[in-house]
Amino acid sequence: MTEPLDRDRHLLDLASMSRERMVGLLSRARSFDDGTGSPKHHESRRRMLVGRSVCNLFFEDSTRTRVSFSLAARGLGAGTTNLTAPGSSITKGETIVDTASNVEATGGDALVVRCSSAGAPELIARHVSVPVINAGDGSHEHPTQGLLDVYALSQALGREDSFDLTDLNIAIVGDIASSRVARSDIAAMTRLGARVVCVGPAPLAPKSLESLGCTVSADLDSVLGEVDAVQMLRLQFERHAGAKPGEKPSPPGVGSVREYRALYALTETRARLMKPGSVVMHPGPINRGLEMDGAVADGLDGGPRSIVLAQVSAGVLVRMAVLTDLLGQHG
Ligand code: CP
């Protein structure tokens, strides 16, 4: 029989995280915030993880997550090591669990894991004794992204005192079936009290998502005027069955990329249907001109506010919170 895992020693998902732990991590992130969304410059902060080593095991590509984990760790005084699949012994057939165990044996104090296999960070956590942080596993979860999204949203909508999102309506739009971000966002947003609607063509936003506590719609135009925030998602062509690298075939459920854009893209015209005070989000990377117009991502005069870069900045604060929580508590 498999031993139960102490999930609070790791950060593996948000679906199983209590609201209390979630708010605790968000409050810890706020304690690092200088009031502008950037980390405070305090000498005490720079000594918090001196002598610790954070190992980034990134077996899938990343810009935001990898850079912000590195900056968060270094900003706390920790050392960092970065391993990617090319250039590691994964290419010689070493398993991801053996790789993680060997990195632990070199003295790593925490493992930050990104990979294409759903559940691999949890598998690693069962084989090592140091904290494991899921930095995105296949289409399963991306828990620090979910936390940074609700942190940035709370700040933008004046909820940062309590992180209570009660009465807010949030739409997550696009390729939800492929999206680990959507799963973590739904868990975080609903646990904090928001109503979440997932919008997309049926194969990308299936009714089965409703088991996660959200609703589902195929009609973006009927939803957009009602929401306080919209999180736009990239079409993940690389995760669609039969897609070849670099190709952009018709997304499931629509006849062409052009039709997808006509029905589901956040164009300038469509963004102007949103309520005053509402915000536009995107976890990145953005395909400008596909799921979202570049002008909307950059912020429209007289339109909804874009908090896309505030999300990225919040990522450093949230990752500082997670690292100090896991390494401080159990180091
Ligand atoms: N949002 C996100 O995970 O971005 P990266 O893939 O660049 O890390």
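The values are calculated or read from the model by the stated rules, or taken from the named source; none is laboratory data. Remember, predicted model here, so these are calculated numbers, not experimental data. Methodologically, a virtual Cβ is constructed for each residue, glycine included, from the backbone with ideal geometry; neighbour enumeration extends over all protein chains shown. Just so you know, the surface numbers come from the protein's heavy atoms only, side chains and all, with ligands and any DNA or RNA stripped out. Shrake-Rupley method; radii C 1.70, N 1.55, O 1.52, S 1.80 Å.
What is the packing order of peptides 127-134, 235-242, 313-320, taking the mean over residues of other C-beta atoms within 10 Å and listing the highest first? Working shown, then result.
Working: 127-134: 20.8, 235-242: 14.5, 313-320: 26.8.
The most tightly packed comes first, giving 313-320, 127-134, 235-242.
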- Query: When ranked by the protection proxy of mean other Cβ atoms within 10 Å per residue, highest first, what sequence do the peptides 23-35, 168-180 form?
  - Reply: 168-180, 23-35
- Task: Treating each Cα of the chain as an identical point scatterer and ignoring solvent, apply the Debye formula and state log10 I(q)/I(0) at q = 0.08, 0.11 Å⁻¹.
- Result: -0.36, -0.69
- Message: Using protein chains only and a probe of 1.4 angstrom, how many square angstrom of Glu122 are accessible, to the nearest 10?
- Response: 50
- Using Cα atoms only, what is the angle between the long axis of helix 19-31 and the major principal axis of the chain, expressed in degrees (0 to 90) to the nearest 10? 80
- Item | Computed accessible area, Arg191, all protein chains, 1.4 angstrom probe, square angstrom | 80
- Message: Between segment 84-148 and segment 22-73, how far is it from one alpha carbon centroid to the other, in angstrom?
- Response: 18
- Query: Of all the accessible heavy-atom surface of segment 101-245, with the other protein chains kept in place and a 1.4 Å probe, what percent is carbon and sulfur?
  - Reply: 48
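Given all pairs of different Cα atoms, what value in angstroms does the Kirkwood hydrodynamic radius of segment 34-140 take?
After inverting the pairwise mean of 1/r, the radius is 14.4 Å.
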- Item | Protection proxy ranking of 47-54, 295-302 - average other beta-carbon atoms within 10 Å, highest first | 47-54, 295-302
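Quick one: length gained pulling Leu71 to Ser44 fully straight, 0.36 nm per residue minus the C-alpha distance?
Difference between extended and current length: 8.1 nm.
On a full-extension model of 0.36 nm per residue, what is the gain between Ser88 and Leu263, subtracting their alpha-carbon distance, rounded to one decimal in nm? Show your work: numbers first, answer last.
On the way: separation 175, 0.36 × 175 = 63.00 nm, distance 4.26 nm.
Answer, rounded to one decimal: 58.7 nm.
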- Message: Test of understanding: in a Gaussian network model of the chain with alpha carbons linked when under 10 Å, which of Ala182, Ala85, Ala321 would top the mean-square fluctuation ranking?
- Response: Ala85
- Within the chain, helix-based [θ] at 222 nm, where runs of 4 or more DSSP H residues each add -39,500 (n - 2.57), nearest 500: -10000 deg cm²/dmol
